Each structure stands twice: as structure tokens, then as C-alpha cells.
Amino acid sequence: MGLKENILTRSIYVFHLSSGSCNNCDIEILDCLTPRFDLERFGIVLVGSIKHADVLLCTGSANKMTVPVIKRLYEQMPKPGFVIAYGACGSSRGLFKDSYNTGAPLDEIIPVDAYIPGCPPKPEATIGALVKLIGKIKAKKGAK
Amino acid sequence: MSDRATIPIGPYHPLQEEPEFWKLIVEGEKVVDVDVRIGYNHRGIEKLSESKSFDQSIFLVERICGICSSSHPIACCEAIEDICGIEVPERARFIRTITQELERIHSHLLWIGLAGHFLGYNTVFMWSWKYREPICDIMETVTGNRQNYAMHKVGGVRRDIEREHVSYILTRLDEFLKQTDMLKGAVLDDPVLHARLKGIGVLTREAAIDYSALGPTARASDVDIDVRRDHPYAAYDRVKFNVITQKEGDVFAKAVVRILELYESASIIRQCLDKMQEGPIDSKPKDIPPGEGIGVAEAPRGEVFHYVKSDGTNSPVRHKIRAPTYMNFPTFRETVIGETVSDATIIMAAIDPCYCCTERMVVVDGSNKELLKAQDLIRLSQEKTKKIRDKFGIK
Amino acid sequence: MTVDNLLQKISERFGDRILASDARSAKRLYVDIYPKDIVDIARYLFKELGLRFNIASGVDDFDGIEILYHFSYDPSGVIVTVRAILKDKDNPHIDTITTVTRSAWWIEREIHELFGVEFDGSEDTRPLLLPDDWPKGVWPLRKNFVVPKRDSRKS
């Protein structure tokens with residue numbers, strides 16, 4: 001059980017990238033930080049620079065102009081790092097898979113560790129996903 | 001010779017990092033020129049629509065922009081209905097109007113929050129986003145989802161508003177109005193905000209007309225246009241409302257227009273719920289004959305325009321979509337030249353760009369070296385507000 | 001002005017420079033013109049009659065590339081669409097209307113890169129939406145540009 005999985009069970013610094021999304025997912029992510037859902041009480045903090053991030057949270061269908069940006073940011077993320085593909089677009093390009101301007105799905109550009117499906121995923125789904133993820137990692141730790 | 005430098009203004013969304021888009025060229029602190037390059041959100045939707053059926057394109061256009069998730073489908077449905085004069089039943093018209101106005105409220109609240117963040121009023125940000133939640137709850141109750149409602153179809157709406165939901169909506173609207181009063185007082189009567197925002201980023205009436213500016217951006221510059229009144233659609237000709245305009249054209253005027261529109265929207269929703277009668281919600285059209293149609297709707301940011309051409313098959317031959325920010329964005333060039341770098345983010349925000357239309361601003365120096373990032377520009381903006389607060393002796 | 005008033009004014013001013021007209025409904029007017037007349041008619045509608053420029057749209061049709069210019073008369077809710085057909089698909093070009101209104105700045109750039117139409121006299125023909133490495137001479141919104149359907153799990 002590596003360092004990578006370990007970081008998710010403490011305070012998590014998340015860097016949010018939108019690679020060509022309709023912004024519904026981005027708004028729902030920001031919503032998670034507002035008083036009603038308040039992710040910050042779990043120690044989850046959005047950071048402004050990839051160099052401080054543990055997790056890269058990527059929304060959007062990775063259109064061709066953003067592909068080099070995604071790769072560059074992934075390289076700059078301090079390792080071990082974790083990548084979460086957020087929303088239908090992040091997971092598989094969603095409705096936009098047949099467009100001339102969307103390239104590959106995110107997991108063919110950078111390695112993805114988790115997917116949160118939905119269009120957009122509700123804040124409850126995001127919190128549920130993170131809790132599930134943390135639970136799974138702790139269970140793995142306990143089984144060793 | 002003064003030192004000309006280009007400054008990258010980071011993303012409009014404070015928490016995103018994406019490559020350059022708007023280039024601001026500065027001399028010292030003042031912006032002297034602006035250049036733009038977009039495309040980071042270009043998903044080829046118009047071409048995609050040609051390979052979808054008419055019904056499927058409604059779902060596609062919902063996802064053009066998260067916040068105009070009701071305006072685009074309504075305009076698209078209207079364009080298709082315009083091809084052959086499909087009539088929409090009365091009850092469906094009222095339901096369309098209600099979803100439009102709810103969307104307007106939640107979009108303006110979102111804007112107030114973000115503008116607050118850029119100015120350093122993080123309480124306003126948290127407050128207004130918290131008060132957005134009851135509106136999202138109403139949306140979820142009525143349509144089944146907080147965003148991306150899948151409510152509209154050609155010829156009507158997909159789902160009805162149940163009778164038991166009506167009193168729920170009215171109660172939450174009442175709560176919302178009380179909170180809006182507080183927000184209005186806090187924002188519009190604050191002397192710091194007057195000093196910070198008045199006279200900044202002025203868009204003259206002539207420029208607003210020349211750039212065909214839309215929505216609150218135009219109305220704040222004394223251009224009296226509103227699709228709801230001028231090209232009535234859904235049930236807007238069956239309700240009474242005021243079109244809010246301001247004369248100054250500065251950032252403060254744009255804020256006033258949006259805040260006062262919140263009250264109009266609440267009033268329209270009440271009138272709709274009151275006037276709505278029982279009846280069908282779908283006229284169930286069968287085929288779309290060859291022809292062309294145009295549909296327009298008033299999104300929170302301005303007019304949304306859809307043109308659809310049909311050849312009698314089940315897919316559009318051509319589907320042209322124009323979002324309001326497409327016309328408003330170029331006015332940024334007009335309003336930011338001559339202003340200081342610390343005001344650039346709030347001037348951009350005042351147009352209320354759809355994030356997905358916005359992308360980002362960048363300022364680089366003569367050798368293309370990044371001078372300031374997004375966070376730096378937001379920080380500059382927040383610092384300027386703090387200086388004004390100190391001058392007023394407010395903590 | 002109603003749709004009939006607008007049609008009458010346009011017909012009186014432009015006479016047989018109007019190829020065809022169609023008052024399709026109380027709120028929609030379609031007017032066909034020669035491409036060479038676009039600046040004059042745009043100036044008349046925008047500056048003299050005070051219509052608002054909505055947007056322009058291109059259509060790749062059998063006859064040629066159609067450019068539709070949509071103008072809005074807000075006081076009575078009428079939309080006037082001016083259609084110009086560029087018959088030479090290998091070299092479609094039309095005068096820019098940015099001299100009449102700056103609001104056509106972006107849409108002309110967009111139609112240029114998505115359809116390959118040249119806007120004569122335009123000061124800014126840089127691409128707006130497509131990536132810098134997009135192949136030259138490939139115009140996505142033309143009918144001969146076909147995007148193959150993809151398997152959703154492969155690129």
C-alpha cells in the first residue's frame with residue numbers, strides 16, 4: 001500500500017482543471033465548498049497551483065487545444081499524485097465523443113485513478129465518491 | 001519610450017488553470033491593448049448536431065453552457081417549432097417561463113458570489129452561493145436535477161409541475177426574497193463598493209450598440225432591449241414585468257441591473273404559478289418538414305440565438321448557435337483599455353461571461369514571459385478593495 | 001415597423017437588387033441578395049433603420065455557400081435574414097461588414113475558419129476557435145468533412 005493511497009486518508013489538496021467543459025461540473029465542485037456541503041471540514045482544499053496538489057480533478061472532454069495543457073500539468077504535479085476524472089465528459093467525453101475537436105478520452109492522455117460519473121455529478125455524489133475512495137483505501141490498509 | 005509589457009490575466013474562474021486566451025498589453029499599470037484567442041472550449045457542437053436527431057440535439061445544446069441550461073433548449077425548440085409553426089400548449093408555455101426565471105435567479109446569484117470573491121468579499125461569495133441552494137432545490141423538485149434539466153422538447157415540455165410542488169416553490173421564493181433584500185442592502189448601499197466599482201469599465205451606449213451587446217451588459221449602458229419583451233416567447237406576453245436599465249454603463253450599473261432583475265424574476269414566477277391552468281403540456285409534433293427556423297430566448301447573460309435548417313429528414317441540415325457572451329465578450333476590449341490591471345478581473349466579470357465561453361486571460365511581456373497569473377490579478381483586485389476600505393476606516 | 005413595412009422599405013431602397021423576398025410569418029422576413037450588395041444593405045439595416053446585428057451563419061448547400069446575416073428589429077420583434085449565396089465553392093469570398101458594425105468581427109473569423117470563406121477587406125482573419133495545428137484547407141462545417149463515429153472506449 002503505497003504513499004499514493006496514503007495521502008487520500010489525510011488532508012487532500014485538490015487542483016481543479018477544466019479541459020473544455022460546459023462548466024456545470026465546475027460549478028458543482030465549487031458548490032461542494034460552500035456552507036451547505038462544506039467539503040473543507042473533511043480537510044479537502046482547492047489549491048491554486050498544481051505544484052501544491054495531491055489530486056488533479058479534471059472536468060471536461062479534453063478538446064484538442066487543452067491536451068498539451070493536461071499533459072504539462074500532470075508532469076508538474078508532485079508525485080505520488082492522484083487523478084480523478086470528473087463527470088461524464090471527464091470519464092469518456094460524454095456526448096462529445098464524436099466531435100471533430102475532442103481528442104482522446106482523458107484516461108488515454110494521462111493515467112486516471114478514479115471516475116465520478118454524472119452530468120453533472122451532484123455534490124452528494126462527489127462527497128460519496130470521496131468517502132468511498134477513502135474507505136476502500138483504509139480497508140486495503142487494514143487487510144495488510 | 002515607456003515600457004510596454006503584456007500581462008497574462010489568468011482564468012476567470014479563480015481555481016482553473018488554462019493557457020492564454022486574452023492578452024493584455026500594459027504600460028506600467030494601465031492597459032493599452034487587448035488581444036484574444038479562444039478555442040479551449042470549442043467542442044464542435046454545431047457539427048455534432050447535424051449527426052443527431054432533432055430530439056437529441058435538445059439534449060446536446062443543454063450542455064453548451066451549464067448556467068444557460070434552460071435558455072439554449074428553449075431557443076432550440078423554438079427554432080424547430082418556427083420551421084412549421086408548431087403551437088406550444090398554454091401550460092407548457094408557463095412551465096418554460098418558470099424554468100427560465102429560476103435559471104436567471106440562480107445565475108445572477110452565482111455571479112454576485114464570484115464578483116464578491118474577486119473584490120475580496122468572501123462572505124458575499126459564501127452567502128450568495130448558500131442562498132442559491134434553495135433555488136437548486138426547487139429545480140431538483142420540479143425537473144429532477146439541479147443542473148441540466150432535460151425539461152424541454154419540441155412542442156412543449158417533458159414533465160409537469162405537480163400541484164403539491166406549487167406551495168413548496170412559493171414558500172422558498174418568499175424566503176429567497178427576504179435574503180435578496182439583505183444582499184441588496186449589503187451590496188448596493190456599501191460606500192466601499194461605490195468607490196470601487198463606479199466609473200470603472202464604462203461601456204458607452206454607442207459602443208454597446210456598435211458591438212450589439214446583449215443582456216445586462218447592454219441594459220446597464222442604457223440600451224433598452226430584452227428578448228422577453230421584444231420577441232415574446234413562452235408565456236412572457238401573459239405576465240407583467242419591468243425591464244431594468246441603468247445609464248452609467250460601469251461595473252456598478254451592471255451589478256444593479258442584475259440584483260434588481262432578481263425581484264422581477266420572482267414576480268414572474270409567482271404570476272405564472274397563479275395563471276397556469278390545467279391542460280396538456282405537449283403538442284406531440286410528428287415530422288419536421290423542410291424549411292428553416294429561428295428561435296431566440298433571454299438567457300441570464302443576454303439573447304441566445306438558434307437557427308435550424310431542415311430538409312425533411314430527422315436531423316438538422318444546419319444548426320447555428322450563438323450564445324450571448326459571443327457578442328458581449330468583444331466589449332471587454334472597449335471597457336478595459338485605459339483601466340488599471342487591478343480592475344481587469346472585475347471588468348471581465350461584469351460581462352458575466354459563461355465560464356465555458358470565458359476561458360482565460362493572459363498577460364505576457366514582450367518576450368512572452370508570464371508576468372502575472374490569475375491568482376495575482378485577483379489578489380491585486382482584492383488589495384485595491386482593501387485600500388479603499390482602509391480609507392473609509394472600515395475593517 | 002411590421003414585417004410588411006420592413007419589406008416595403010427594403011424593396012423601395014434596393015429595387016431589383018433584391019433577388020427574392022419571403023415574409024414567412026409576422027415575425028420572420030427572408031431577403032435574398034447578390035453578395036456584392038451586402039455592405040450596402042447591412043449599412044441600411046444597421047445604421048438607417050436601426051436594426052441590431054444578431055449574428056451571421058454559413059450553410060454549405062448544393063448551390064454554393066450560403067451566408068445568412070440575421071438582423072433584429074426589437075421594437076416589433078421581427079428578425080430580418082439577408083441571404084447571399086457564394087456560388088464558387090473553391091474560392092468563396094464576400095466583403096466584410098466590419099466597416100458597418102464591429103459586432104461582425106468574431107463571426108467573420110469563425111466563418112472563415114469553419115467554411116473557408118474569405119472576407120474581403122477584413123483586418124483580422126486569424127483563426128478564432130480551431131487549434132493552431134489544424135490542417136489548412138480543411139473546413140469542418142463543410143459537408144464533405146465527415147467525422148467518423150468512434151467507439152466510446154477508443155480514441
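The values are calculated or read from the model by the stated rules, or taken from the named source; none is laboratory data. If you're wondering where the values come from, they're calculated on a predicted model, not measured in any experiment. Note that we place each Cβ from the backbone using ideal geometry, even for glycine, and neighbour counts take in every protein chain shown.
So which helices (runs of 4 or more DSSP H) stay within region B:178-272 end to end and still have 3 or more residues that are surrounded by 24 or more Cβ atoms within 10 Å (Cβ to Cβ)?
Working: elements: B:191-197, B:205-210, B:215-219, B:227-230.
Passing ranges, in order: B:215-219.
Search region B:345-373 for residues being within 17 Å of B:GLY116 (Cβ to Cβ) and of a type in the set (Gly, Ala, Ser), and hand back the single one that is modelled with the lowest pLDDT. Full working, then the answer.
Taking region B:345-373 as the starting set, the residues that turn out to be within 17 Å of B:GLY116 (Cβ to Cβ) are B:345-353, B:355.
Keeping just the survivors that are of a type in the set (Gly, Ala, Ser) gives B:349-350.
On the way: B:ALA349: 84, B:ALA350: 88.
Looking at the filtered set, the residue picked out is B:ALA349.
If C:THR99 passes every condition in (1) of a type in the set (Val, Ile, Thr); (2) surrounded by 19 or more Cβ atoms within 10 Å (Cβ to Cβ); (3) at pLDDT below 95 but one, which one does it miss?
So C:THR99 meets the others, but not (2).
What residue, among those in region B:40-58 that are touching a residue at least 24 places away in the same chain (Cβ under 8 Å) and outside any helix (DSSP H, G or I), is surrounded by the most Cβ atoms within 10 Å (Cβ to Cβ)?
In the first step, residues of region B:40-58 are kept if they are touching a residue at least 24 places away in the same chain (Cβ under 8 Å); the result is B:40-41, B:45-46, B:49-55, B:57-58.
Those left that are additionally outside any helix (DSSP H, G or I): B:40-41, B:50-53.
Details: B:TYR40: 25, B:ASN41: 28, B:GLU50: 16, B:SER51: 15, B:LYS52: 20, B:SER53: 13.
Looking at the filtered set, the residue picked out is B:ASN41.
For region C:119-155, which residues satisfy the criterion of being more than 8 Å from every other protein chain (Cβ to nearest Cβ), surrounded by fewer than 16 Cβ atoms within 10 Å (Cβ to Cβ) and at pLDDT 85 or above?
Once the filter is applied, which keeps residues that are more than 8 Å from every other protein chain (Cβ to nearest Cβ), surrounded by fewer than 16 Cβ atoms within 10 Å (Cβ to Cβ) and at pLDDT 85 or above, region C:119-155 yields C:ASP120, C:GLY121, C:GLU123, C:PRO135, C:LYS136, C:GLY137, C:VAL138, C:LYS143, C:ASN144.
As an exercise: evaluate B:ARG228 against (1) within 14 Å of chain C (Cβ to nearest Cβ); (2) more than 20 Å from B:VAL256 (Cβ to Cβ); (3) not small (Gly, Ala, Ser) and give the number of the one condition it does not meet.
So B:ARG228 meets the others, but not (2).
Consider A:SER49 carefully, then state whether it is touching a residue at least 24 places away in the same chain (Cβ under 8 Å) and either among the acidic types (Asp, Glu) or surrounded by fewer than 21 Cβ atoms within 10 Å (Cβ to Cβ) (or both).
In short, yes.
Do you know which residues across region C:11-37 are within 29 Å of B:GLU81 (Cβ to Cβ), more than 13 Å from chain B (Cβ to nearest Cβ) and within 18 Å of the chain's Cα centre (by Cα)?
C:ILE18, C:LEU19, C:ALA20, C:SER21, C:VAL31, C:ILE33
How many of the residues making up region B:44-83 are at the interface with chain A (Cβ under 10 Å from one of its Cβ atoms), more than 21 Å from B:TYR326 (Cα to Cα) and among the charged types (D, E, K, R)?
Number satisfying all stated conditions: 1.
Kindly evaluate A:TYR86 against the criterion of being under 12 Å from the mean Cα position of the chain (by Cα), surrounded by fewer than 22 Cβ atoms within 10 Å (Cβ to Cβ) and among the hydroxyl-bearing types (Ser, Thr, Tyr).
Numbers: under 12 Å from the mean Cα position of the chain (by Cα): yes; surrounded by fewer than 22 Cβ atoms within 10 Å (Cβ to Cβ): no; among the hydroxyl-bearing types (Ser, Thr, Tyr): yes.
Against the criterion (under 12 Å from the mean Cα position of the chain (by Cα), surrounded by fewer than 22 Cβ atoms within 10 Å (Cβ to Cβ) and among the hydroxyl-bearing types (Ser, Thr, Tyr)), A:TYR86 does not qualify.
Answer yes or no as to whether C:SER76 is assigned to a loop (DSSP other than H, G, I, E, B), among the hydroxyl-bearing types (Ser, Thr, Tyr) and over 18 Å from the mean Cα position of the chain (by Cα).
Taking the combined requirement at face value, the residue satisfies it.
Let me confirm something: among A:LEU57, A:LEU133, which residue is outside any strand (DSSP E or B), touching a residue at least 12 places away in the same chain (Cβ under 8 Å) and either of a type in the set (A, V, I, L, M, F, W, C) or out of contact with any helix residue (DSSP H, G or I) (no Cβ under 8 Å at 6 or more places or on another chain) (or both)? Write out each step before concluding.
Details: A:LEU57 fails: outside any strand (DSSP E or B).
The match here is A:LEU133.
Residue by residue through region B:129-177, note down the ones that are outside any loop (DSSP other than H, G, I, E, B) and touching a residue at least 60 places away in the same chain (Cβ under 8 Å).
Once the filter is applied, which keeps residues that are outside any loop (DSSP other than H, G, I, E, B) and touching a residue at least 60 places away in the same chain (Cβ under 8 Å), region B:129-177 yields B:HIS152, B:LYS153, B:GLY156, B:VAL157, B:VAL166, B:ILE169, B:LEU170, B:LEU173, B:PHE176, B:LEU177.
Only one residue in B:ASP137, B:ASP160, B:ASP82 is modelled with pLDDT of 90 or more, of a type in the set (Asp, Glu), over 21 Å from B:ILE294 (Cα atoms) and more than 19 Å from the chain's Cα centre (by Cα), so which one is that?
Numbers: B:ASP137 fails: modelled with pLDDT of 90 or more; B:ASP82 fails: over 21 Å from B:ILE294 (Cα atoms).
After applying the criteria, what remains is B:ASP160.
Out of everything in region C:38-61 that is assigned to a helix (DSSP H, G or I) and among the basic types (Lys, Arg), what residue ends up being farthest from the other protein chains (Cβ to nearest Cβ)? Break it down stepwise before answering.
Start the filter on region C:38-61 by keeping residues that are assigned to a helix (DSSP H, G or I), which leaves C:38-48.
With the extra rule that they be among the basic types (Lys, Arg), the set shrinks to C:43, C:47.
Values: C:ARG43: 13, C:LYS47: 10 Å.
If we take residues in region C:38-61 being assigned to a helix (DSSP H, G or I) and among the basic types (Lys, Arg), then C:ARG43 is farthest from the other protein chains (Cβ to nearest Cβ).
Under 6 Å between Cβ atoms, at least 6 apart or on separate chains: pull out the pairs that start in region B:225-246 with a residue that is on the phi > 0 side of the Ramachandran plot and end on any residue that is crowded, with 24+ Cβ neighbours inside 10 Å and not hydroxyl-bearing (Ser, Thr, Tyr).
The qualifying pairs are B:ALA234/B:ARG96.
Table: residues versus (1) free of Cβ contacts under 8 Å to residues at least 12 places away in the same chain; (2) closer than 18 Å to B:GLY66 by Cα; (3) facing chain C (nearest Cβ under 8 Å).
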{"residue": "B:GLY295", "(1), (2), (3)": "no, no, no"}
{"residue": "B:THR313", "(1), (2), (3)": "yes, no, no"}
{"residue": "B:TYR326", "(1), (2), (3)": "no, yes, yes"}
{"residue": "B:PHE332", "(1), (2), (3)": "no, no, no"}
{"residue": "B:ILE337", "(1), (2), (3)": "no, no, no"}
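If the requirement is being at pLDDT below 85, buried (at least 16 other Cβ atoms within 10 Å of the Cβ) and in contact with a Gly (Cβ under 7 Å, 6 or more places away or on another chain), which of these qualifies: A:THR59, A:THR66, A:THR102?
Selected residue: A:THR66, the only one of A:THR59, A:THR66, A:THR102 that is at pLDDT below 85, buried (at least 16 other Cβ atoms within 10 Å of the Cβ) and in contact with a Gly (Cβ under 7 Å, 6 or more places away or on another chain).
Right, A:LEU73: at pLDDT below 85 and not in a loop (DSSP other than H, G, I, E, B) or not?
No; evaluated as a whole, the condition is false for this residue.
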